[in-house]
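Below you'll find the structure, written out as structure tokens, and then a few comments.
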Amino acid sequence: MKLLVVLVLSLFAGIHGATNSTAKMVCYYDSSSLIRQGLDKLLNSDLEIALPFCTHLVYGYCGIKPDTYQTFSLHEDLDIYQYQFSEITALKRKYPHLKVLLSIGGDKDIDPEHPNKYIELLEGGRARQTAFINSAYSLVRSYGFDGIDLAYQFPKNKPRKVHSKVGQALRKVKKLFTGDFVADPKAEEHKEQFTALVRDLKNALRPDGYLLSLTVLPNVNSSYYFDVPAVSGFADLINIAAFDFLTPERNPEEADYTAPLYELYDQNRLPHYNADFQVAYWLDHHCPPQKLILGMATYGRAWKLSSDSNASGGAPVVSKTKGAADAGLPSATPGLLSWPEICGKLPNPSNTFLKGADAPLTRVDDPTRRYGTYAFRLADDHGNHGIWVSYEDPETAANKAIYVHTKGLGGLSMFDLSYDDFRGLCNGDKYPLLRAAKNRL
């Protein structure tokens with residue numbers, strides 16, 4: 001009997017260990033966080049604390065030169081001349097389990113004079129694409145990366161518009177004549193070109209055993225640009241950035257959950273504004289689940305509330321908002337707050353009796369574990385100090401890890417480490433979102 005118990009426990013431990021060992025924790029790291037000031041500066045010593053929890057570190061960002069279509073660092077002074085590329089890949093000696101990928105694109109390669117250069121690369125034929133592939137390969141090989149993350153910039157979906165009931169009726173009539181909005185009239189052609197680019201890039205990386213991951217950026221229609229069976233065969237990982245479905249920049253007049261797990265069926269919400277829809281699309285089109293990585297944000301999106309917004313009592317969808325709330329210090333981006341900034345605005349002993357712009361927010365959690373967490377402060381009688389924030393916290397990070405496990409996906413990715421609480425300001429734990437997700441994986 002004792003022998004039987006030992007065998008059963010050993011079998012269970014083996015199964016449990018195998019499950020944990022195959023789940024990937026993909027950590028995105030934007031090197032621009034190293035050039036911030038004060039407590040928001042993420043030093044390599046701070047980064048190291050996260051690495052035992054990460055299976056992959058995606059280092060960003062590189063871009064594309066509009067004249068030669070070669071890959072280049074967006075922070076060359078830091079990455080090359082101050083040796084950050086080399087210092088980051090050298091960390092693999094201390095953390096041998098870690099794979100470090102170099103990310104190209106993202107939403108970081110902003111070039112107002114050449115906004116279509118990623119599409120121009122696809123349309124430019126073999127010469128342009130060879131220049132891109134060779135330069136990307138050279139960076140990987142020269143600095144010791146384990147591969148490339150291709151976060152390609154495709155045209156975004158049209159933002160959801162706010163319509164009155166009369167406006168909704170008129171829109172339905174208009175749609176009969178105009179059809180659905182088309183983000184890219186040459187999308188089918190670009191899909192074929194992108195597939196060829198991914199194939200050729202993988203062929204260049206394969207002889208050296210380098211990895212290739214793809215990142216599907218927020219608000220990019222996968223059906224337009226990704227031949228799922230084909231690119232799934234070439235890519236080792238596919239990261240679905242399932243967040244920022246609504247943002248204050250794209251949706252200034254209404255606030256809502258920015259990254260729900262499942263569809264909300266009321267208030268005329270769009271059915272694809274949730275993680276489950278995005279995951280289901282890739283699985284239904286034969287992407288191997290073990291290659292699919294669910295992406296979540298470590299930051300929140302914040303709107304300004306007006307006096308007219310108060311009618312909802314803070315419950316989403318919140319209408320008549322006034323665009324983005326003030327920028328957070330780490331991001332310097334209106335409407336984007338890091339987790340420690342949000343945590344500091346929630347009720348705590350230091351803000352209990354504060355008023356006005358410093359008054360604590362009211363937190364509303366999600367007992368269904370389907371949609372997410374939000375917090376708000378209604379506008380005062382003069383229409384000031386109102387704010388509404390949709391965000392991830394350790395609980396929702398754990399919920400998304402549970403979803404990954406339930407669906408049998410390859411893992412979870414976090415965008416990015418610098419917006420997690422890497423100094424432990426909230427409760428003393430450093431990287432609480434990362435830890436909560438990793439523990440559930």
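The values are calculated or read from the model by the stated rules, or taken from the named source; none is laboratory data. Because the structure is a prediction, the values reported are computed rather than measured. Virtual Cβ from ideal backbone geometry, glycine too; neighbours counted across all protein chains shown. These accessible areas exclude ligands, DNA and RNA; they are computed on the full protein's heavy atoms, side chains included. Shrake-Rupley method; radii C 1.70, N 1.55, O 1.52, S 1.80 Å.
Observations, loosely collected:
- Qualifying residue in the range 405-423 (condition: under 20 Å from ASN348 (Cβ atoms) and surrounded by fewer than 23 Cβ atoms within 10 Å (Cβ to Cβ)): yes
- Residues of the range 110-136 satisfying the condition of being open to solvent by less than 10 Å² (accessible area, probe 1.4 Å) and touching a Gly at 6+ places or on another chain (Cβ under 8 Å): TYR118
- Some residue of the range 30-37 being at negative phi, in contact (Cβ under 8 Å) with a residue 40 or more places away in the chain and touching a Phe, Trp or Tyr at 6+ places or on another chain (Cβ under 6 Å): no
- Test: residue in the range 62-77 that is touching an Asp or Glu at 6+ places or on another chain (Cβ under 6 Å), open to solvent by less than 30 Å² (accessible area, probe 1.4 Å), at pLDDT 95 or above and within 20 Å of PHE422 (Cα to Cα): no
Residue by residue, here is whether (1) at pLDDT 95 or above; (2) not hydroxyl-bearing (Ser, Thr, Tyr) holds:
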position	(1), (2)
TYR118	yes, no
GLY147	yes, yes
LEU150	yes, yes
HIS163	no, yes
TYR210	yes, no
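- Subset of the range 229-250 (residues that are surrounded by fewer than 18 Cβ atoms within 10 Å (Cβ to Cβ) and hydrophobic (A, V, I, L, M, F, W, C)): ALA230
Let's see how each residue does on (1) part of a loop (DSSP other than H, G, I, E, B); (2) farther than 18 Å from ARG160 by Cβ; (3) of a type in the set (D, E, K, R):
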position: VAL182; (1), (2), (3): yes, no, no
position: PRO185; (1), (2), (3): yes, yes, no
position: HIS190; (1), (2), (3): no, yes, no
position: THR195; (1), (2), (3): no, yes, no
position: VAL198; (1), (2), (3): no, yes, no
position: ARG206; (1), (2), (3): no, yes, yes
position: LEU212; (1), (2), (3): no, yes, no
position: PRO218; (1), (2), (3): yes, no, no
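- Of the residues contained in the range 175-182, none is found to be open to solvent by 90 Å² or more (accessible area, probe 1.4 Å) and modelled with pLDDT of 95 or more.
- Of the residues in the range 395-410, at least one is part of a loop (DSSP other than H, G, I, E, B) and either farther than 21 Å from ALA297 by Cβ or at pLDDT below 95 (or both).
- Count of the range 80-131 residues, restricted to those that are among the acidic types (Asp, Glu), in contact (Cβ under 8 Å) with a residue 60 or more places away in the chain and not in a helix (DSSP H, G or I), is 1.
- The range 201-219, subset open to solvent by 30 Å² or more (accessible area, probe 1.4 Å) and touching a residue at least 60 places away in the same chain (Cβ under 8 Å), residue farthest from ASP149 (Cα to Cα): ASP208
- For the range 251-351, the strands (runs of 3 or more DSSP E) that sit wholly inside it and include 2 or more residues that are in contact (Cβ under 8 Å) with a residue 60 or more places away in the chain and either over 20 Å from the mean Cα position of the chain (by Cα) or surrounded by fewer than 21 Cβ atoms within 10 Å (Cβ to Cβ) (or both) are 299-305.
- Annotation: ASP381 fulfils all but one of (1) charged (D, E, K, R); (2) in a loop (DSSP other than H, G, I, E, B); (3) within 18 Å of ILE342 (Cα to Cα); (4) open to solvent by 50 Å² or more (accessible area, probe 1.4 Å); the unmet one is (3).
- Residues (under 26 Å from ILE110 (Cβ atoms), of a type outside the set (Val, Ile, Thr) and surrounded by 17 or more Cβ atoms within 10 Å (Cβ to Cβ)) located in the range 78-94: ASP79, GLN84, PHE85
- Any hit, the range 220-240, residues being among the aliphatic types (A, V, I, L, M) and free of Cβ contacts under 8 Å to residues at least 40 places away in the same chain: yes
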